[in-house]
Amino acid sequence: MENMSREPFSPAEVAGFRADFPYFVTQDREGGAAYLDSVATSHRPKQVLDTERYFLENLNAAVHRGTSGAVGAATEAFEGARAKVAAFVDASTPEQIVWTGNATGALNTVAMGMGEASTALGALTEGSERFALGAGDEILITEAEHHANLIPWQRLALKTGATLKYIPIREDGTWTVDDAREALNERTRVFAFGHVSNVTGYIAPVAELVELARAVGAITVLDACQAVPHIPVNFEELGVDFAAFSGHKMLGPNGIGVLYGRPEMLAALPPSRTGGSAITRVTMERAEFMPPPLRFEPGTQPVSQIVALGAAVDYLVAADMQRIAATEDLLVEHLVAGIEAMPGVRLLGPASHSAAQRTSLAAVSVDGLHAHDVGQFLDQEGVVVRVGHHCAQPLHRALGMASSTRASVHMTTTKDEVDRFLDALRGAQRYFGVEVSA
Ligand SMILES: Cc1ncc(COP(=O)(O)O)c(C=O)c1O
């Protein structure tokens with residue numbers, strides 16, 4: 001049974017999924033683009049688009065405000081989506097899921113909350129001392145982080161006097177448990193790291209890392225942005241204190257992100273953004289706040305997007321995350337093998353593909369070519385990829401380059417699309433005269 005559920009999708013099943021996505025229907029009908037940029041943003045199936053439209057046409061009302069039946073129905077849809085997302089990442093309760101604008105917002109909610117805890121405002125939230133930082137404390141990250149999991153910690157360090165430390169990457173862009181063991185110590189208060197790198201596709205051994213962090217009393221913050229859409233993720237099992245991900249990378253809408261937190265962590269974290277509807281009692285001098293998650297959701301939320309994210313989760317669950325992972329694994333194996341067979345092309349991240357080490361993407365640097373030239377050529381060939389630093393400048397700098405070309409897959413990607421990328425990459429070498437013979 002276990003093996004059965006890890007069966008990759010057949011080409012007919014992938015074609016069935018593609019038929020659900022208006023974008024792919026149009027592209028396939030018109031012989032259009034090979035879309036290999038899902039890790040930047042994914043397309044949405046009609047089930048997600050229809051859910052949002054249905055909500056807006058039939059149920060839209062001011063969620064959590066007032067007493068009308070209309071508000072009740074809208075609130076039920078809104079909270080129903082929270083319950084779906086909670087179950088999807090194996091949170092014990094929906095209250096462990098906080099809506100934010102995106103993964104960036106989720107990471108900032110934690111870092112800025114710790115900033116508040118480090119000031120006089122900390123006294124307003126019971127238990128927030130655990131988040132208060134000062135001189136002598138260390139925040140640990142890695143050199144491989146997306147800027148969203150770097151800059152908020154830089155600012156927290158500047159604000160509190162804590163030291164920002166990082167685990168340097170190795171030659172292939174990865175880092176190991178041993179590297180983390182060396183960097184963690186009794187001064188480490190926070191360890192924030194990416195589950196899956198958006199540049200190397202490297203899958204960090206999260207559970208082991210969390211255990212190491214726990215042993216020194218550090219709070220763990222996981223950037224799970226590139227994991228949740230691609231591999232089964234169980235935050236309870238991984239043991240992380242906080243985790244962040246984005247709706248628009250998992251077949252859902254823009255404008256919605258998720259912060260997962262362990263209940264006692266969320267309960268002690270001060271809110272860094274405040275305003276209407278997150279409160280219980282307000283006087284002219286003071287405000288008292290709701291328990292989480294509503295404490296962290298001041299102001300009107302992107303309600304229709306949240307309800308549609310629930311539909312995206314339904315879609316992923318029905319397809320089966322194990323099978324999605326198995327399908328992407330085959331595609332990435334093909335992608336990596338094709339790249340490794342190409343002289344003059346450097347693969348970033350783990351070599352010789354293994355599903356335990358890499359998922360969903362491969363980024364390359366082509367000898368003699370700027371990534372933007374490669375990107376322009378691929379674009380002419382109808383291959384949509386991401387070029388640039390992918391919001392990971394320090395990682396690229398450490399690898400000795402300013403930018404790279406990244407191809408990524410999802411449950412809707414075909415082997416033919418991957419071949420189109422590989423062919424176009426060879427074509428770029430030929431076109432610009434940098435072809436290297438094997
Ligand atoms: C690893 C990683 N972290 C964080 C983010 C930020 O996500 P968002 O822009 O949706 O906030 C991204 C987006 O590319 C990412 O790949």
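Looking only at strands (runs of 3 or more DSSP E) that fall completely inside region 324-434, which ones have 2 or more residues that are closer than 30 Å to PHE21 by Cα, within 16 Å of the ligand (Cβ to nearest atom) and not hydrophobic (A, V, I, L, M, F, W, C)? First the steps, then the outcome.
Numbers: elements: 345-347, 361-366, 386-388, 404-408.
Ranges flagged: 386-388, 404-408.
Considering only residues that are within 24 Å of GLN226 (Cβ to Cβ) and more than 16 Å from the ligand (Cβ to nearest atom), which ones fall in region 36-47?
The answer is PRO45, GLN47.
Checking ALA341 against (1) at pLDDT below 95; (2) not assigned by TED's automatic domain parsing to the domain that holds PRO205: exactly one of these is not met. Which one?
(1)
Please work out if LEU266 is in contact (Cβ under 8 Å) with a residue 60 or more places away in the chain, closer than 15 Å to GLU95 by Cα and out of contact with any Phe, Trp or Tyr (no Cβ under 9 Å at 6 or more places or on another chain).
Values: in contact (Cβ under 8 Å) with a residue 60 or more places away in the chain: yes; closer than 15 Å to GLU95 by Cα: yes; out of contact with any Phe, Trp or Tyr (no Cβ under 9 Å at 6 or more places or on another chain): no.
No; evaluated as a whole, the condition is false for this residue.
Looking at ARG281, ARG262, can you tell me which residue is more than 23 Å from the chain's Cα centre (by Cα) and either within 11 Å of the ligand (Cβ to nearest atom) or modelled with pLDDT of 95 or more (or both)?
ARG281
Please list, ordered by residue number, the helices (runs of 4 or more DSSP H) wholly in region 1-61 having 2 or more residues that are at pLDDT 95 or above. Quick ask: steps written out before the conclusion?
Numbers: elements: 2-5, 11-20, 22-29, 46-54.
Passing ranges, in order: 11-20, 22-29, 46-54.
Consider ASP28 carefully, then state whether it is among the acidic types (Asp, Glu), surrounded by 14 or more Cβ atoms within 10 Å (Cβ to Cβ) and in contact (Cβ under 8 Å) with a residue 40 or more places away in the chain. Don't jump to the end; show me each part of the working.
Working: among the acidic types (Asp, Glu): yes; surrounded by 14 or more Cβ atoms within 10 Å (Cβ to Cβ): yes; in contact (Cβ under 8 Å) with a residue 40 or more places away in the chain: no.
In short, no.
I'd like to verify a number: residues in region 228-259 that are away from the ligand (no atom under 11 Å from the Cβ), under 13 Å from ALA308 (Cα atoms) and surrounded by fewer than 24 Cβ atoms within 10 Å (Cβ to Cβ), how many?
Residues flagged as away from the ligand (no atom under 11 Å from the Cβ), under 13 Å from ALA308 (Cα atoms) and surrounded by fewer than 24 Cβ atoms within 10 Å (Cβ to Cβ) within region 228-259 amount to 1.
For the condition over 24 Å from the mean Cα position of the chain (by Cα), over 20 Å from ALA392 (Cα atoms) and in contact (Cβ under 8 Å) with a residue 40 or more places away in the chain, what is the one hit in GLY122, GLY134, GLY161?
The conditions single out GLY122.
Might you check whether a residue that is buried (at least 22 other Cβ atoms within 10 Å of the Cβ), assigned to a strand (DSSP E or B) and touching a helix residue (DSSP H, G or I) at 6+ places or on another chain (Cβ under 9 Å) occurs anywhere in region 105-112?
no
Out of the residues in region 300-323 that are over 20 Å from the mean Cα position of the chain (by Cα) and assigned to a helix (DSSP H, G or I), state the one that is farthest from LEU56 (Cα to Cα).
ALA318
So, in region 367-417, how many residues would count as being within 29 Å of ARG323 (Cα to Cα) and of a type in the set (D, E, K, R)?
5
Of all residues in region 230-251, count the ones that are in contact (Cβ under 8 Å) with a residue 60 or more places away in the chain and outside any loop (DSSP other than H, G, I, E, B).
Number of matching residues: 11.
Could you list, in sequence order, all residues of region 149-162 that are more than 17 Å from SER272 (Cα to Cα) and of a type in the set (A, V, I, L, M)?
If the condition is that a residue be more than 17 Å from SER272 (Cα to Cα) and of a type in the set (A, V, I, L, M), then LEU150, ALA162 are the ones that fit.
Tell me whether region 114-137 contains one or more residues that are surrounded by 16 or more Cβ atoms within 10 Å (Cβ to Cβ) and within 14 Å of the ligand (Cβ to nearest atom).
Within region 114-137, none of the residues are surrounded by 16 or more Cβ atoms within 10 Å (Cβ to Cβ) and within 14 Å of the ligand (Cβ to nearest atom).
May I ask you to list pairs of residues, at least six apart or on different chains, whose Cβ atoms are under 8 Å apart, with the first in region 350-361 being closer than 8 Å to VAL196 by Cβ and at pLDDT 85 or above and the second being among the hydrophobic types (A, V, I, L, M, F, W, C) and in a strand (DSSP E or B)?
THR359/VAL196; THR359/ILE203; SER360/VAL196
The values are calculated or read from the model by the stated rules, or taken from the named source; none is laboratory data. Note that the coordinates shown come from a computational prediction; the quantities given were computed from them, not determined experimentally. Heads up, the Cβs are rebuilt from the backbone with ideal geometry, glycines too, and the neighbour counts pull from every protein chain shown.
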